[in-house]
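*Asks:* Handing you this structure, nothing more for now.
The values are calculated or read from the model by the stated rules, or taken from the named source; none is laboratory data. Just so we're clear, the structure is a prediction, and the values are computed from it rather than from any experiment. Virtual Cβ from ideal backbone geometry, glycine too; neighbours counted across all protein chains shown.
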Amino acid sequence: MKINIEESTEYNEVEITIKCASIDEKLERLISGIRLFNSSISGKKDGSIYFLKPEDVLYFDTVDDYLEDE
């Protein structure tokens, strides 16, 4: 496996390109990890929606075993 990194102030966002002959189980795990790294959790408070990074969430609290599902 080769990893190439190009760093430049010209780029506005991170782009990841994977070149492979086929996607195997190891590659699937790598892709899942990358997607998880870039994921966010939405939450609602006082009528506003907030997007949080999973690593910033300490715990989830439920009332009567219920989470609102929209």
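*Asks:* From the list 45, 19, 53, exactly one residue is charged (D, E, K, R) and surrounded by 10 or more Cβ atoms within 10 Å (Cβ to Cβ). Which is it?
*Replies:* 53
*Asks:* Moving on to the next point. Which one is farthest from residue 6 (Cα to Cα), of the residues in segment 16-48 that are at pLDDT below 90 and of a type in the set (A, V, I, L, M, F, W, C)?
*Replies:* Step by step, filter segment 16-48, then rank; the result is 41.
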